[in-house]
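Any read-out appearing in this document is the output of simple, stated calculations on the displayed coordinates, not a laboratory observation. The shown structure was predicted, so the numbers you read here are calculated from the model rather than taken from an experiment. Note that we place each Cβ from the backbone using ideal geometry, even for glycine, and neighbour counts take in every protein chain shown.
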Amino acid sequence: MRAFIGVIGLYLVVALALPLGLMLGKSLQGPRDEFVGVANYVRYFSTPALVQSIGNSLWVASLSTVITVPLAFGYAYALTRSRMRLRGLFKTVALVPILVPSLLPGLALVYLFGNQGLIKGALRGHSIYGPIGIVMAEVFTTFPHALLIILAALALADARLYEAAVALRASRPRIFWTVTLPGARYGLISATFVVFTTVITDFGAPKVIGGQYNVLATDVYKQVIGQQNFQMGAVVSVILLVPAVFAFLVDRAVRRRQVALLSARAVPYEPKPQPGFDLAMLAYCVVIGAAILSIVAVSQYAALVKFFPYNLTFTLAHYDFDQKGGGGWASYYNSVRLALLTGVIGTVIVFVGAYLVEKARGFAFGRALFHFLAMLPMAVPGLVLGLAYIFFFNAPANPLNVLYRTMTILVLNTVVHFYTVGHLTALTALRQMDPEFETVSASLKQPFYRTFWRVTVPVCLPSTLDIAIYLFVNAMTTVSGVVFIYGPQTELASISVLNMDDTGEIASAAAMAMMIFYTNVGARGLHLLLARWLERRTQAWRRR
Amino acid sequence: MAAPYLRIQRLTKKFGAFTALDDISLEIAEGEFVCFLGPSGCGKTTLLRAIAGLDIHTSGRIEQAGRDISALPPTKRDFGIVFQSYALFPNLTVAKNVAYGLENTRARRADVTKRVRELLDLIGLAEHTSKYPAQLSGGQQQRVALARALATAPGLLLLDEPLSALDAKVRVYLRHEVKQLQRRLGVTTIMVTHDQEEALTMADRIVVMNHGVIEQIGSPLQIYREPASPFVADFIGVMNFVTGTIVRDGLVRLGRVDLACEADGFAPGTQVTVAIRPEDIVVEDVAGDQREALSGRVDALTFLGSFFRADLVSEALGNVLVRADLPVDLVRRRGIAEKSVLAFAVPRERIRVYPGGALHR
């Protein structure tokens with residue numbers, strides 16, 4: 001077992017720890033790799049144009065958080081505390097933004113509010129290119145993430161608390177303030193930090209719609225791609241790492257507390273019909289759902305007409321990707337290939353890794369270190385990881401530099417980038433299994449891999465599928481992790497969206513972004529069918 | 001006596017600064033049913049896991065059937081194990097669970113099927129072969145776990161609180177079942193439990209543990225009748241403790257009364273703790289001239305089904321509270337109620353004396 005821990009641990013070291021370490025080192029080096037101490041940082045903080053970005057990033061992230069979290073709370077409240085109709089549909093609609101690259105809302109906003117936008121007047125002369133556009137796009141992107149966290153927190157409600165409150169004659173507002181909100185507070189805190197971090201590290205939205213408004217993420221990109229100033233790119237990356245790591249630590253602490261809440265034996269809460277309230281909640285969800293869908297719909301519509309919104313003649317010309325600035329149709333197939341490889345290879349690595357952390361005996365230090373490495377990616381923004389990959393894999397002295405710009409490195413990177421969520425999903429599934437399975441097997445003289453294959457894997461199959469689809473969807477949509485390491489032969493669909501937007505072919509960019517969306521919808525549908533089929537065929541033992 | 005089947009010598013297990021097992025030595029004969037009994041945290045489970053090789057001990061030696069197994073991993077040792085949680089594989093049927101340990105032993109498929117059949121007959125679950133564990137009751141699941149552990153015919157059966165998760169009625173029934181099965185198969189068995197009733201009814205010998213050391217080893221009757229320490233006396237059953245002083249060999253003073261007892265070897269004047277079981281207090285047939293005759297007022301009378309428990313306050317003993325178990329019939333016949341005053345006596349051979357005063361309560 002130690003050998004297995006060693007192999008997967010080595011992967012995390014090579015694909016995560018070493019590149020990150022090297023990047024930290026680079027931020028302390030000059031152009032000829034000589035050690036210059038904190039000179040780069042001094043230069044950074046004495047360049048007003050750069051320092052300005054810190055304030056911009058914090059402002060945009062705070063504003064997005066303040067808007068997204070209450071919106072998501074209201075939506076989650078409607079889904080869990082009302083008896084309005086179509087709750088399943090509304091939940092599905094709210095999760096749509098997960099399936100598209102964060103570049104897409106930017107493109108749609110350009111069509112709606114841009115210089116030639118459809119409803120440009122709604123902004124009353126303000127430009128969409130800047131903080132307004134970034135915040136709108138980020139609210140769209142982060143909404144489902146906040147929603148899922150708050151939904152989970154609200155689902156924990158104990159019906160007995162509500163019954164006790166009613167028995168004590170508490171008014172509805174009082175019950176809301178004394179029972180509902182305190183019960184969801186960890187979820188709200190967690191959602192706040194997740195939204196804040198996602199926005200501050202996101203690269204897609206500010207790139208497309210940020211205009212001249214610089215934020216930390218676009219600065220990293222400009223320093224590296226525009227000015228080839230890798231040292232300064234490393235400095236900005238380290239600064240970007242600070243809020244991400246901080247938010248990560250707070251989130252961990254908060255989640256640990258929430259587990260304690262969970263352990264109480266609660267009776268699930270069932271809302272009662274209240275026609276007026278249910279109708280109001282339905283109206284609220286219709287507004288939000290319509291806003292989300294309109295972003296997607298505008299992108300699709302614009303991709304299918306000559307020149308939205310002035311010439312609405314139908315055309316497929318924008319889909320002729322091979323004649324456009326991006327990587328052509330090849331980039332789409334590359335993305336599908338990357339997503340499939342990441343889904344399959346990543347799931348195996350993540351699941352076996354989690355199994356070893358959770359079930360191996362002894363070697364406590366090695367397992368703790370492994371777990372730490374598995375949690376680390378959550379705190380590392382994709383751009384930072386990507387830049388670290390340049391330093392590590394593009395170094396002439398590194399024998400692994402043959403991988404640079406290949407599909408292999410893209411898979412390596414993407415698996416690591418999204419490692420943590422899969423790791424936690426697998427751990428949760430494994431922890432629900434009796435810890436004595438391994439002991440019993442040992443007493444029956446069975447090698448551990450036999451029990452792993454015959455019991456652990458079948459029991460955890462639904463969770464492994466969840467990990468696979470999560471990795472697939474994220475591999476399709478990611479931009480930040482791969483923007484520094486793709487090559488001419490390995491351009492991806494999401495990168496094509498970025499490049500076509502750069503060359504002004506916005507309709508084609510939207511068309512490609514929608515291709516990503518449909519692929520993810522298809523994958524999710526397939527996942528659903530497969531999960532249902534599996535449940536019927538192999539999970540018979542779950543039924544009593 | 002033949003060579004012991006399992007010999008544990010000077011076993012010590014430390015978790016950092018905490019000593020979970022302190023210099024434990026123990027011998028278990030072939031075919032014996034031994035219970036490790038003690039409060040939680042006493043080290044009984046740690047000792048079981050050391051025997052299984054799940055937590056390797058810090059120092060000492062374990063021999064099984066004459067072979068030193070101290071350094072062997074669990075897979076190289078010869079035992080079957082059953083846990084409180086059953087640990088049945090949820091995705092395998094009852095038959096597949098039982099067959100799990102037989103499948104890669106190069107046994108022919110027909111032989112495996114036959115053996116599984118045999119075992120399921122043995123535990124009376126032959127008609128449930130193709131059910132999944134979730135479809136069985138707790139008691140049935142535990143029997144399947146037992147069959148699975150016995151499938152490979154191990155030399156040693158380890159039971160880790162196997163009945164603790166079950167309902168009271170099922171538990172009592174399974175105690176009997178397990179004991180019968182063990183006797184029929186003659187497999188050396190160690191069971192860990194914190195339930196004294198379980199230990200008293202099932203074990204050939206009981207090992208009472210506390211704070212990582214063995215307090216006493218003996219038959220259930222010995223443990224109950226002659227507890228070797230105040231801890232054992234208090235842990236097993238109900239016990240009255242009264243502080244007293246030795247007058248001379250065979251005589252101890254409690255309050256203003258001298259009681260005859262079988263204690264000797266204490267110097268006169270030694271502070272001692274005297275232990276008396278509630279059921280050993282005699283209220284019937286106490287003659288007025290008997291020297292140990294005491295009297296006490298009934299402070300509270302609790303009906304416990306098959307008997308009454310009286311809280312007696314005896315002025316002569318120094319106003320200590322003594323619990324006495326009285327037959328229902330006696331209480332009714334003599335009209336005993338709260339505030340009644342009773343004469344009682346304690347037979348000398350039922351009095352246990354431990355050095356040191358005020359050890360308890």
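Miscellaneous remarks
- Within straight-line cross-link reach of residue A:359, aspartates and glutamates at Cα separation under 16 Å, skipping those fewer than 8 residues along the same chain: A:434, A:436, A:438, B:55
- The separation of region A:179-224 from region B:127-141, counted between C-alpha centres, amounts to 51 Å.
- 21 Å Cα-Cα reach of residue A:306 towards lysines, excluding residues that sit fewer than 8 places from it in its own chain: A:120, A:324
- Modelled this way, with points 7 Å down the Cα-to-C-beta line, the labels at residue A:368 and residue B:129 are 5.0 nm from one another.
- Helix B:109-122 axis, angle to chain B major axis (alpha carbon atoms, nearest 10°): 20 degrees
- Listed residues A:419, A:511, A:311: farthest to the positive end of the dipole of chain A (Cβ charges): A:419
- Taking Cα centre as origin and charging only the Cβ of basic (Lys, Arg, +1) and acidic (Asp, Glu, -1) residues, the dipole magnitude of region B:300-361 rounds to 100 debye.
- Straight-line reach from residue A:26: taking Cα to Cα under 30 Å and skipping same-chain neighbours fewer than 8 places apart, the lysines in range are A:207, A:222.
- The chymotrypsin sites (Phe, Trp or Tyr not before Pro) of region A:54-155 include none that meets both criteria, a DSSP state outside H, G, I, E and B (loop) and at most 16 other C-beta atoms within 10 angstrom of the site's C-beta.
- Pairs over the 31 Å Cα-Cα cut-off, from the set A:445/B:13; B:14/B:131; B:76/B:179; A:91/A:272: B:14/B:131.
- Among the trypsin sites (Lys or Arg not before Pro) within region A:11-119, those in coil by DSSP and having at most 15 neighbouring Cβ atoms inside 10 Å are A:32, A:83, A:85.
- Working note: Karplus 6.51/-1.76/1.60 with θ = phi - 60° gives region B:271-282 the couplings 6, 9, 10, 9, 10, 9, 6, x, 6, 8, 7, 9 Hz, where Gly and Pro are set to x.
- Residues with amide H under 5 Å from that of residue B:192, placed H, sequence gap 5 or more: B:36, B:159, B:160, B:161
- Pairwise centroid distance, computed over Cα atoms, of region A:89-128 with region B:182-248, Å: 76 Å
- Tensor-based shape of region B:92-163 (alpha-carbon gyration tensor, a/c under 1.5 rounded, otherwise prolate or oblate): oblate
- Seen through its C-alpha gyration tensor, with square-root eigenvalues sorted a ≥ b ≥ c, region A:1-68 comes out oblate because a/c lies at 1.5 or above while a/b is not bigger than b/c.
- Region A:451-514: chymotrypsin sites (Phe, Trp or Tyr not before Pro) falling in loop per DSSP and having at most 12 other Cβ within 10 Å: none
- To the nearest ten degrees, helix B:168-185 and the longest principal axis of the Cα atoms of chain B are 60 degrees apart.
- Each stretch of four or more DSSP H residues adds -39500 (n - 2.57); spread over every residue of the protein assembly as shown, this sum gives -16000 deg cm²/dmol at 222 nm.
- Cβ neighbours within 10 Å from other chains - mean over B:82-92: 6
- Candidates A:45, A:500, A:541 compared by Cα position along the dipole of chain A: farthest toward the positive end lies A:541, with charges placed on Cβ.
- Those residues of region A:359-374 whose amide nitrogen sits under 18 Å from the label point placed on residue A:2, 7 Å along Cα→Cβ: A:359-371
- Other-chain or far-sequence residues with amide H under 5 Å of residue B:340's (modelled H): B:298
- Interchain or long-range residues, amide H under 5 Å from residue B:210's placed H: B:215
- Shape analysis of region A:245-380 places it in the oblate category; the axes a ≥ b ≥ c from the Cα gyration tensor give an a/c of at least 1.5, with a/b not above b/c.
- For region B:190-202, 3J(HN,Hα) computed residue by residue from phi via the Karplus equation (6.51, -1.76, 1.60; θ = phi - 60°) reads 10, 10, 9, 8, 10, 9, 5, 5, 4, 5, 5, 7, 9 Hz, glycine and proline entered as x.
- Shielding of peptide A:431-437 by partners, expressed as the average count of other chain Cβ atoms within 10 Å per residue Cβ, is 4.
- For region A:222-227, putting each phi into the Karplus relation 6.51 cos²θ - 1.76 cosθ + 1.60 with θ = phi - 60° gives couplings of 5, 4, 7, 7, x, 10 Hz, in residue order, rounded to whole numbers and with x for Gly and Pro.
- Spherically averaged projected area of the convex hull of Cα atoms, region A:486-544: 6.0 nm².
- Debye-sum result for region B:137-278 in log10 I(q)/I(0), which assumes one identical scatterer on each alpha carbon, at q = 0.14, 0.19, 0.21 Å⁻¹: -0.75, -1.11, -1.28
- Averaged over B:230-241, number of beta-carbon atoms from partner chains that fall within 10 Å: 0
- For chain B, the longest site-free run once GluC sites (Glu not before Pro) in DSSP loop states with at most 14 other Cβ atoms within 10 Å are removed: B:1-261
- Helical segments meeting 20 Å axial Cα length and Kyte-Doolittle 0.5 threshold in chain A (DSSP H): A:48-81, A:131-155, A:181-201, A:230-262, A:275-304, A:328-359, A:457-477, A:506-538
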